[in-house]
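**Q** Below are the structure tokens for one structure; questions will follow.
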């Protein structure tokens, strides 16, 4: 069951445009014992293709 997050994030789409999108999925990518980064899965509204983008550190996963 995919979770949808409410908070929109300013991301650059693969087409080169900056848009405010909400990630369809978000997770933390970190080596063992380290802080790591948060990654979000977004869908480009123009092409329908999925892409990943780094999320801000204060984003709730």
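**Q** Suppose we filter 36, 40 for residues that are out of contact with any helix residue (DSSP H, G or I) (no Cβ under 9 Å at 6 or more places or on another chain) and modelled with pLDDT under 95; which single one remains?
**A** The match here is 36.
**Q** Sticking with this structure for a sec: Going by the conditions given, is residue 49 within 11 Å of the chain's Cα centre (by Cα) and touching a residue at least 12 places away in the same chain (Cβ under 8 Å)?
**A** Answer is no for this residue.
Condition check ((1) part of a strand (DSSP E or B); (2) surrounded by 11 or more Cβ atoms within 10 Å (Cβ to Cβ)) across all residues:
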| position | (1), (2) |
| --- | --- |
| 11 | yes, yes |
| 14 | no, yes |
| 23 | no, yes |
| 27 | yes, yes |
| 32 | no, no |
| 40 | yes, yes |
| 48 | no, no |
| 54 | yes, yes |
| 58 | no, no |
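The values are calculated or read from the model by the stated rules, or taken from the named source; none is laboratory data. Note that the coordinates shown come from a computational prediction; the quantities given were computed from them, not determined experimentally. Neighbour counts run over all protein chains shown; Cβ positions are idealised from the backbone, glycine included.
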